[in-house]
Amino acid sequence: MILNTTNNKLLLAYKGPFFIDILTCFGGYIKKMFGHQSQTGYKLYKVFFELTQNVAKYSVETSPVDDYKYSGVGSFNLEENDDLLILSTTNLIFRKDGFVLQKYCDEINSLNKSELREIRGETRKQSLDEKDTGAHIGIIQIGLLSLHRLDFEIQEFNDEYSIFKICTTITKE
Amino acid sequence: MKNIEIPLDKESPYFPEISFNCEKGICNISGESYMEDCYKFYLPLVDWLNEYCSLYSHLTINFRLYYFNTQSSRMILKIFEVLMNFKAKGGEIIINWYYMRSDPDMIDEVEDFQHESGIKINLIEIID
């Protein structure tokens with residue numbers, strides 16, 4: 001079930017390649033919008049990069065450019081209502097990976113803060129092989145920062161691909 | 001051994017500023033850390049620390065990281081593991097982690113680094 005965002009105000013939206021320099025620009029804008037002297041601002045900034053860097057690394061749709069190692073394509077929306085900030089990303093994944101992602105998200109939604117910290121530690125200590133880029137630990141971190149349930153949706157696109165959407169909320173101070 | 005000095009680059013703010021000085025025995029890591037290839041960036045720093053720890057007996061390391069992504073956190077943990085080994089062999093180590101008062105999540109992060117590495121980290125609050 002994806003959080004109903006129809007009554008929310010759209011603050012920021014982007015669709016395209018998630019090159020690190022593009023994400024940096026948006027991150028800078030988020031800092032200015034929310035200030036970097038509030039807990040909300042810090043949380044939003046951190047969640048923004050964890051969510052979007054996962055898209056950059058793992059989206060199966062890419063727009064390769066020599067200057068960048070990661071060139072995943074997707075979209076993100078930042079919305080708000082009176083009490084919450086809502087950040088979501090959407091990207092293409094292999095259908096076969098949908099099951100693993102669902103498992104990660106369900107697991108994170110079943111754990112409390114202490115349990116999430118523990119599992120983050122265990123995951124972090126696993127192989128530091130440079131090929132291992134750790135999507136799992138990224139989603140755990142998002143769960144820890146948000147402290148809200150992760151909403152996600154996996155829609156089959158065709159025989160090979162699915163569309164993965166993940167939505168996280170942050171309570172405003 | 002040579003020092004490592006990596007100044008802050010406004011064009012690439014995802015690399016932290018690095019100052020590793022073997023004469024003074026002081027290392028500083030400041031700014032933000034969310035580069036594409038964390039392993040490639042941090043491996044020379046880990047190698048430097050391993051070499052330093054084999055030659056010297058004292059080290060102070062200061063962290064002033066506003067933000068680091070989860071991939072960076074794995075390499076930071078690697079640094080702490082090197083320092084823990086140094087301490088276990090009789091080295092004297094002081095680790096200071098400066099955090100913003102408005103970012104209490106950072107306290108949890110550092111406490112978890114302590115727990116996972118077994119090394120003491122001094123948390124120092126900065127009023128922002």
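Overview of results
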{"quantity": "Ellipsoid semi-axes in whole angstrom, largest first, where each is sqrt(5λ) of the Cα gyration tensor of the protein assembly as shown", "calculated": "34, 20, 19"}
{"quantity": "Cα gyration tensor shape of chain A, rounded if a/c is under 1.5, else prolate or oblate by comparing a/b with b/c", "calculated": "rounded"}
{"quantity": "Contour minus Cα-Cα distance for B:Ser57 and B:Lys120 (0.36 nm per residue)", "calculated": "21.0 nm"}
{"quantity": "Beta bridge orientation in chain B: antiparallel %, DSSP, nearest 5", "calculated": "30 percent"}
{"quantity": "Along chain B, longest interval not containing exposed trypsin sites (Lys or Arg not before Pro), exposed being DSSP loop plus at most 15 other Cβ atoms within 10 Å", "calculated": "B:25-88"}
{"quantity": "Relative contact order (%) - the stretch B:20-126, alpha-carbon pairs under 8 angstrom, separation at least six", "calculated": "28 percent"}
{"quantity": "Residues A:Cys105, B:Cys38 arranged by fewest to most Cβ contacts within 10 Å", "calculated": "A:Cys105, B:Cys38"}
{"quantity": "Net +/- balance of residues flanking B:Tyr56 in space, Cβ distance below 11 Å, scoring K and R +1, D and E -1", "calculated": "-2"}
{"quantity": "Surrounding net charge for A:Leu11, when Lys and Arg each add one and Asp and Glu each subtract one, Cβ distance under 13 Å", "calculated": "+1"}
{"quantity": "Choice from A:Ile139, A:Ile30, A:Ile119 with maximal GNM fluctuation in chain A (Cα, 10 Å cutoff)", "calculated": "A:Ile119"}
{"quantity": "Share antiparallel - DSSP beta bridges, the protein assembly as shown, percent rounded to 5", "calculated": "70 percent"}
{"quantity": "Sequence-separation-based contact order of the stretch A:22-173, relative, with Cα cut under 8 Å and 6+ spacing, percent", "calculated": "27 percent"}
{"quantity": "Estimated translational D of chain B in µm²/s (Stokes, Kirkwood radius over Cα pairs; 4 °C; 1.567 mPa s)", "calculated": "87 µm²/s"}
{"quantity": "For A:Cys105, net neighbour charge (Lys/Arg +1, Asp/Glu -1) across residues whose Cβ lies under 13 Å away", "calculated": "-2"}
{"quantity": "DSSP-assigned coil residues among trypsin sites (Lys or Arg not before Pro) in the stretch A:80-173, each with at most 10 further Cβ atoms within 10 Å", "calculated": "A:Lys131"}
{"quantity": "Förster-model FRET efficiency, 35 Å R0, B:Asp128 and A:Ile22, C-beta, rounded to 0.05", "calculated": "0.85"}
{"quantity": "Restricting the stretch A:29-132 to GluC sites (Glu not before Pro) in coil, as DSSP defines it, with at most 16 other Cβ within 10 Å", "calculated": "A:Glu61, A:Glu130"}
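Computed from the coordinates by the stated procedures, all read-outs in this text should not be read as laboratory data. Quick caveat: nothing in here was measured; it's all calculated off a predicted structure. Positions of Cβ are backbone-derived with ideal geometry, glycine not excepted, and every protein chain shown enters the neighbour counts.
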